[in-house]
Each structure stands twice: as structure tokens, then as C-alpha cells.
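Structure record follows, encoded as C-alpha cells.
The values are calculated or read from the model by the stated rules, or taken from the named source; none is laboratory data. Note that the structure is predicted; figures quoted are calculated from it, not measured. A quick note on method: Cβ atoms are made from the backbone with ideal geometry, for glycine too, and the neighbour counts reach across all protein chains shown. Only protein heavy atoms, including side chains, enter the accessible area calculation; ligands, DNA and RNA are left aside. Shrake-Rupley method; radii C 1.70, N 1.55, O 1.52, S 1.80 Å.
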Amino acid sequence: MTLTTTRSANEPGGGADPAVAPPAHGRRRASPARLLDTYGSLIAIGVIAVVLLVWAPSSLSQFRLDNLGKYCALALASMGIGLAWGRGGMLVLGQGVFFGLGAYAMAMHMKLEAAGPGGVPDFMTLYGDGTMPSWWEPFRSAPFTIFAIVALPAVVSFILGYAIVKRRVKGAYFAILTQAMAVAFATLLIATIKQTGGFNGLNTFSTVFGHNLFDPEVKRNLYRVAAGLVVVFLLVLWQLYRSRYGELLVATRDAEERIRFLGYDPANIKLVAFVIAAVMASIGGAVFVPIAGIISPTNVDASASIMLLAGVALGGRASLFGPVLGAIAVGYGRSTLSETFPTQWTYFLGALFIVVIVLLPGGVASLWPKLRSRWPSPTAETPANGDHDVDRSQPAVPA
Amino acid sequence: MTASFLAEDYLEIRDLTVDFDGFKAVDGVDLTLLQGRLHFLIGPNGAGKTTLVDALTGLVRGTGGAKFRDHDLLTMKSHMIVRLGIGRTFQTASVFEQLSVLQNLDIAAGVHRAARRSVFARGRVPERVEQALETIGLADLAHRPAGILAHGQKQWLEVGMLLVQDAKVMFLDETVAGMSSGEREETGELLKRIVGDRTIVVIEHDMDFMRRYADFVTVMHTGRVLAEGTVAEVQADQRVQEVYLGTATEAATHG
Ligand SMILES: Nc1ncnc2c1ncn2[C@@H]1O[C@H](COP(=O)(O)OP(=O)(O)OP(=O)(O)O)[C@@H](O)[C@H]1O
Ligand SMILES: [Mg+2]
């Protein structure tokens, strides 16, 4: 008979040496290290808030501030990717679609603002016969637009996610499906020039919710909104990651089958993350448009989606701060490098991407716990990055 | 068994068959699992023990019937079967290695929690979890990552996870395999402590362990039930001896 003894041989800890175990009082006692584990993230969010909301507006030129605002908008989408991919294990290659939903909703509203009451957006008379499709009409209303920016991606991602996740589509198939979605979305936009501006997208706006886009103070406020949302969503994700749901999501990522045998439907757990990620991307798109002054299919297509993903991978997909820092770094690198090396910079980014994936699969953020571990501390609370596959928990079929 | 006349939550399996492309891994099994006893399921490698449990927990499709509290398990999805009160462990330890012992138990206890409450972080440790920590003897290791546990401790954690789920039927697939004799004894005592009005099905190859703790034994061979009864009855059975002498001398002579 097989008395399966092979397992204990490769346990990480060998046997649980009592010397390794914390003394009996070690239950939820507030050691400085544990406090840092719990509140360190909050302090870091505070630092980011000061840098983004106090330092940057007072020190950066309008041009640089606008750029930083755009990166913040992209960072919102990236944070959603961090949730869905880093914590949920779903390689979302089509977040540009949801970014686009929010961006186009906002852009449509601004186009209608520019056209004036009862007016028709300029491009419709240019490319078409000057009649406006009826589904544009509700976007005249600011409240409806804001509602749509949240509700549209939520509904679309729920339907898509339900169809994909419930069918237990995973891994590469999931990635390919979401990527195909981005390709289809961009193609559709390009094909419907009379309704969406086609390849040129939507641009030449004048006001946003009644505020003049050329007023420097309005511009600064638009930046503040984008940066403020980054801070707000960092707080939201911080709470989500330490919540029971957050633990469950990581557990689902690492051992989906096991979760099923604890009485949960893993599809529902993943679906929640997918929908939240979509809404975050959409909000990012909505704040991107007034700052950038344009939205076009190239901002939302497959390669834009992958660019978002690259930032997340660089920064560290499973960490709270990695996606934000990655998005800002990629955005900044992109604009500086593309000025100096207009054609080569994508290769540089690609090379950097490969180096990080190979040498530092957890992204730059994974350096921090490595540094931290030089000090003795209870790190049990931090789920590590997603590249460490735990048990597949499939019952072994005897040979 | 003394408790059997009280048994209302029994699991009744009738003519259960699992067909893998023509190969019947489980072949017309009739089995009644009563409350309040340690029911051992033994049999040589490939007898179909794990497959039987797989079918009862929704992992593979089986035909026939498996009735528990007016539900037919064979038509249900895995997570609904668990919610009905039927839990299992796997032949390979499958705790969440990166989560702490406490987190592992807390997640397992979550089935009984309203979904909207899961947006909060865990405040105080739920009583159910606290109790389970004591029962399985891992209270001192509550905040350690499950990955550092010894093999035996991982298995106890798995039992703890079934306890916090409040599983009424527990299938333990080769839980003591690979344990030291001290750990086996502790496991046996643990099972005796927790059985109460539960049904605990223990799949095992260790005959010593079986002799010591089994209230009832079912022997499987080539997908069928070969014999059933108390330890003494089963051991006296001619066919059982043949199977074990024929295919696995080791087990019969073990101890
Ligand atoms: N998915 C599968 N497809 C085909 N055959 C399978 C599958 N799963 C199990 N089997 C076969 O079914 C038979 C029963 O396997 P099972 O794992 O149930 O045996 P077991 O009694 O649990 O054995 P062990 O004591 O080795 O764990 C074996 O011959 C096995 O090879
Ligand atoms: Mg087996």
C-alpha cells in the first residue's frame, strides 16, 4: 500500500519546529512590526496624497501637471487591473474597453455641451447628414452622464464576466477573450464614424460641466479630481484587500477548486473583482478625457490595454501601490522617452517589461517586503504576489 | 452502534456508478452512512474510494442516487453540497499556504456569513474559529502561515476547516498517511472527540489505525463493496483476506 510520505519531504518548513512558533502570547498583540504592517499602508497613502495633492500642484508647470493628471487617470484603470489580475488571477487584457466606455460617455457629454442646447456635435455634420443618433440624447444631462460612467461598465462587465467566468474560462483563454473584446471595441468605434467620430475620436471640447476648459484654475481642478480619485481608490482597495473578501479573492486565485469545497462559488468571487475593475477603468477614462482633450480608438484598443497591463506588471500586480506607481512611471517614461526617441521608446519599454517579468515577477513593489524581511516581523498577513502557485488541490489520480 | 437509532441525517447511497469512458471506477455501490460513528472506507489502491467521494461531492458525475436530507447529491454543484453540510479533504493537503492558520479557518467559516459582511476586515476572531483552533491544537500557531506547518498539522487544519464549516458529513481522504505514529494517535483521538452526531468517513490504508478507531468498516475492491461490518467481522471475511493478501501483503501484515 502506498503510505504517501513524499509530501512531508518537500514542505517549506520541514516540520513545524516549536522554536519557530511565536510564544503563546503572540496572538494579536500589537508589536511595532505588526502596527507597521497594518498602518504602514495608510501612512504611505498619506504620503502619496501629500505628493499628488499638495506638492505637485504647487511645484509643477501646467503642462507637467496635465501630464501627471493623465497618468493618474490611467492609474485608476491600472488599480482595477491590480485587483482583477494581481489579486484575482484574471489576466484582463481588454481593460481599454471599460476605460473607453467611461471616456466616451464623458466625451459625448462634453461634445453636446460644446454644441449648445439642442445642438448637434460638429463632426456629425462634417461626416454625416447632421442628424444625431437618439442614444446620444440622454448624454446631454450631466447627472445621466455620471450615472452612465459607473453603470455602463458595471452592466457590461457583469454580463461579459458572467458569460466568461461562470463557464470557468480561465488562464490564456480568459486573456484572449478579453483581448478580442478590445479589438472588437476599437474596430466598432472606427467603423461608426458618424456616431462616434471614428478613427479621429471625439475632441475639440470647450467646457466640462459648465467650466471653461481653458481656464488654468479649472485645469488645476481637473488634475485635483484625478489625483484625488487615485487617493480615494487607494483607500478603497486598502480596505478591500484587508477585508474578508480580499482574503477570499487571493485564496480563489491560488486554489480555486479548494474554495469550491469550502462552499463558495469561485465564479461569484471573481465576478465581483472583474466588475469593480471595470468601473474603476471607466472612471479613469472619464477623468482622462477633459484633461487630455481627446479620446480616440487608439486610447482604448488592444495595445492601449496592454500598455496599462505593462505598467501594472512593472509596478507589481498584487501590491496595493505597484499598479499606481507603475502607471505613473510608464506614463512618464513614455512622454519623456518619446520626445527623445520617438520610434525606439516602445522597444525600451518592452525590454524593461521583459527584464522585470524575468528578474522580478512580483514587480518593483515586491522589493519592499524583501527589504522588510531583513527585520524580524510577523508577515503572515500579507498575501504574496500571484506567481507562487499553491496547491491545485485536485485529488491526485493514482497512477 | 448505539447512536444509529437516532440517525436522521444519514446519507444513503444507492447503486452509485462512476463511468470513466467505459471503465467503471465505482460500480453500483450501495452504502448507508449513519450519524455518530467513525466509518472507515478501506480497499487496495484503485479500489474507487476517492472516486466515490468525488462523486458524492460533485467533482465527478455519477449515476444512481445519494440522498441526504431530501437532496440528491448527484444533481448538485460542489459548493451547494458543502453548504448542505457535507465536507471533504483531499488526498494531497490543500490548505492555503500563504494565509495564516487563522485565515484558513476564517475563510472556511465564511460560508455561514452574509456576503455583504465580507467587505469588513476580521475584527475579533469568531467563536467558532476560536473553538476549532483549540480542538485541533493549533491555537499557538494561529498567526503563522499555513505553509510552515508540519504535514500532520496541515491535516489537522483541514479537519478544523471542516469543523468551522459545521460539516455534518466529513470525508477524510487518507488523512493519517505520512503521519508519525504519535500524530496518528492524536488524529484518532481528535476524530473521536469531534464525531458527536456527525458522520465521519475515514479513507485509510493503515490497518492498525483502523482497528483502533473504526466503529464500522466498508471494504471496497474494483469499484464495488466487498464487505461491510465491524472490524472483527471484516477481518474474518475470507474475501477481504484474499484481496489484501493477493494485492497488498504489506497492509494485512502491517502491525
Ligand atoms: N479521472 C479519471 N479518469 C479515468 N480513470 C480514473 C480517473 N480517476 C480515477 N480513475 C481510475 O479509477 C480507479 C479508482 O481510483 P480511485 O482514486 O478512486 O482509487 P482509490 O481507491 O482512491 O485508490 P488509492 O488508495 O490509491 O487512493 C483507478 O483505477 C483510477 O486509475
Ligand atoms: Mg484515493
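Quick rundown of the values:
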| item | result |
| --- | --- |
| Residue within region A:245-252 that is open to solvent by 30 Å² or more (accessible area, probe 1.4 Å), farther than 28 Å from A:PHE199 by Cα and out of contact with any strand residue (DSSP E or B) (no Cβ under 7 Å at 6 or more places or on another chain) present | no |
| Test: residue in region B:52-72 that is more than 16 Å from ligand 1 (Cβ to nearest atom), open to solvent by less than 40 Å² (accessible area, probe 1.4 Å) and out of contact with any strand residue (DSSP E or B) (no Cβ under 6 Å at 6 or more places or on another chain) | no |
| Matching residues in region A:123-155 - criterion: being free of Cβ contacts under 8 Å to residues at least 12 places away in the same chain, open to solvent by less than 40 Å² (accessible area, probe 1.4 Å) and closer than 25 Å to A:GLY96 by Cα | A:ALA151 |
| Search result, residues across region B:158-183 that are more than 16 Å from ligand 2 (Cβ to nearest atom), crowded, with 21+ Cβ neighbours inside 10 Å, assigned to a helix (DSSP H, G or I) and within 11 Å of chain A (Cβ to nearest Cβ) | B:MET161, B:LEU162, B:VAL164 |
| Qualifying positions in region B:94-113 - over 13 Å from A:LEU262 (Cβ atoms) and open to solvent by less than 10 Å² (accessible area, probe 1.4 Å) | B:SER100, B:VAL101, B:LEU102 |
| A:MET90 open to solvent by less than 10 Å² (accessible area, probe 1.4 Å), farther than 20 Å from A:LYS194 by Cβ and aliphatic (A, V, I, L, M) | yes |
| Failed item in (1) more than 7 Å from chain A (Cβ to nearest Cβ); (2) assigned to a helix (DSSP H, G or I); (3) closer than 25 Å to B:PHE40 by Cα, with B:ARG128 passing the rest | (3) |
| Of residues in region B:35-51 being away from ligand 2 (no atom under 16 Å from the Cβ) and open to solvent by 10 Å² or more (accessible area, probe 1.4 Å), the one nearest to the other protein chains (Cβ to nearest Cβ) | B:GLN35 |
| Helices (runs of 4 or more DSSP H) within region A:168-268 that include 3 or more residues under 30 Å from A:PRO57 (Cβ atoms) | A:216-242 |
| Condition met for B:GLY110 (more than 11 Å from chain A (Cβ to nearest Cβ) and farther than 19 Å from B:VAL195 by Cα) | no |
| Pair list, Cβ < 9 Å and 6+ apart or interchain, from region A:195-222 residues that are free of Cβ contacts under 8 Å to residues at least 60 places away in the same chain to residues that are surrounded by 13 or more Cβ atoms within 10 Å (Cβ to Cβ) and among the hydroxyl-bearing types (Ser, Thr, Tyr) | A:ASN212/A:SER206; A:PHE214/A:SER206; A:VAL218/A:THR207 |
| Residues of region B:74-100 satisfying the condition of being touching a residue at least 24 places away in the same chain (Cβ under 8 Å) and either part of a helix (DSSP H, G or I) or within 16 Å of ligand 2 (Cβ to nearest atom) (or both) | B:LEU74, B:ILE81, B:VAL82, B:ARG83, B:ARG88, B:THR89, B:PHE90, B:GLN91, B:ALA93, B:SER94 |
| Region B:133-155, residues that are at the interface with chain A (Cβ under 8 Å from one of its Cβ atoms) and part of a loop (DSSP other than H, G, I, E, B) | B:ALA142, B:HIS143, B:ARG144, B:LEU149, B:ALA150 |
